[in-house]
1. Would you be able to say whether some residue in the range 119-135 is closer than 23 Å to GLY14 by Cβ and among the small types (Gly, Ala, Ser)?
2. Just checking, how many residues over the range 280-332 are in contact with a Gly (Cβ under 7 Å, 6 or more places away or on another chain) and either polar (S, T, N, Q) or modelled with pLDDT under 95 (or both)?
3. Of all residues in the range 272-291 being over 21 Å from ALA312 (Cα atoms) and out of contact with any strand residue (DSSP E or B) (no Cβ under 8 Å at 6 or more places or on another chain), which is surrounded by the fewest Cβ atoms within 10 Å (Cβ to Cβ)?
4. Please specify each residue of the range 35-51 satisfying the condition of being assigned to a loop (DSSP other than H, G, I, E, B) and loosely packed, with under 13 Cβ neighbours inside 10 Å.
5. List every residue pair whose Cβ atoms lie under 6 Å apart, where the two residues are 6 or more positions apart in sequence or sit on different chains, the first residue falls within the range 24-41 and is over 16 Å from ARG88 (Cβ atoms), and the second residue, located anywhere, is at pLDDT 95 or above and assigned to a strand (DSSP E or B).
6. For the range 146-167, check the following and say yes or no: at least one residue is in a helix (DSSP H, G or I), under 27 Å from ALA219 (Cα atoms) and in contact with a Gly (Cβ under 8 Å, 6 or more places away or on another chain).
7. Going through the range 57-88 one residue at a time, which ones are of a type in the set (Ser, Thr, Tyr) and out of contact with any strand residue (DSSP E or B) (no Cβ under 9 Å at 6 or more places or on another chain)?
8. Let me confirm something: among LEU315, LEU324, which residue is touching a residue at least 60 places away in the same chain (Cβ under 8 Å), farther than 20 Å from HIS94 by Cβ, aliphatic (A, V, I, L, M) and assigned to a helix (DSSP H, G or I)?
Amino acid sequence: MPAIHQLLAGFANGDAISNEARTLSGIFTRWGMPGHLFCEQKRILPQLRNESLDLSALSDRIKPSDIAILHLSIGSPANRRFAELPCRKVILYHNITPSSYFEAVNPPMARQLALGRQQAADLAGVADCVLADSAFNARELESIGYRDVAILPLVLDFKSLQTAPDRATLRRFRDGRRNILFVGRMVPNKCIEDVITAYYYYTKTMDPDSRLILVGSYAGTERYYHLLQTRIRDLALNRVHIAGSIPLSELTACYQVADAFLCMSEHEGFCIPLLESMLFKVPVLAYAAAAVPETLQHSGILVREKRFEWIAETLSALCRPGPLREAVINRQNERMTAYRERHIDAELRQHLSPLLS
């Protein structure tokens, strides 16, 4: 029986692509087509090395009758090895952030992203099937020569977010103040400085006693993190809590205490925290860029301009009990219900059917 293998640029806990690879692996096992996850060993967390194999094992494990899926997200030796494989091939594109966002804060990362964009172009025509997890991502691939790109929205494991919330976090932030939340890596394309600026206007004109909670790793973007801290000091904001990378129980607690989710990102291939906010019935206010409108799908509130006075006023109305908040949460519930009721097995079989037959 042929196997379905997956190649990744990195493998870690809490990483969306790693989580999707695990979920897909479980589906393929149920199909009777179990395969391996392959990644550079140095990109695999030590505690996860029993779940994946180094790229060097590819030639011994993959047969011509097998299927290999490449999770394309950044420059990586996995992309080059994928092109050389003698089996049937599938690309699943998760977007590659433009390198310009990282040139000032992490030049090596900028080079890796630029390499990824070049490798993505070089892989056009190599795969038997090409998937993207948003129409925005599909259009990117088509702009560099790909054809017949199908959409497979990111496969998420919502069960992990049923983790019991951290009680200390709940006690800390349930103190009567309104909590504005942003979740996502602290990287320049997410424009966290604009989240901070919007919050500044909110405190000055609407709710001076509120709190901003920023959750996300800044590993590798310490320069950007320090710029954000400088911005916070310059605006004399004393209730901005930078949580950094936190355990799942604390993340769950942050969603539970949030009154609104604020996203000013300019480049997202999907943006999982938008759906996570919906799951916890946190109303979303987001900048309408890249794949964000597609992920929200007529739910939440989208802004087309970063007019911070208006954003602050809207954020205030969104945080207060009333018709706007109720309507937004209802639309988000509808979006979340539709997303959770997807038939993932059927979607995958439809996309992969030419290779499975």
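1. Within the range 119-135, one or more residues are closer than 23 Å to GLY14 by Cβ and among the small types (Gly, Ala, Ser).
2. So the count comes out to 1.
3. Kept after step one, since they are over 21 Å from ALA312 (Cα atoms), are these residues of the range 272-291: 272, 275-276, 279-280, 290-291.
Adding the requirement that they be out of contact with any strand residue (DSSP E or B) (no Cβ under 8 Å at 6 or more places or on another chain) leaves 272, 275, 279-280, 290-291.
On the way: ILE272: 16, LEU275: 23, LEU279: 18, PHE280: 18, ALA290: 22, ALA291: 25.
Per the stated criteria, the residue is ILE272.
4. ASN50
5. Within 6 Å, the pairs are LEU37/GLN6.
6. no
7. SER59
8. LEU315
The values are calculated or read from the model by the stated rules, or taken from the named source; none is laboratory data. Everything numeric in this text was worked out from a predicted model, so none of it was measured. Neighbour counts are summed over all protein chains in view; Cβ atoms, including those assigned to glycine, are modelled from backbone coordinates with ideal geometry.
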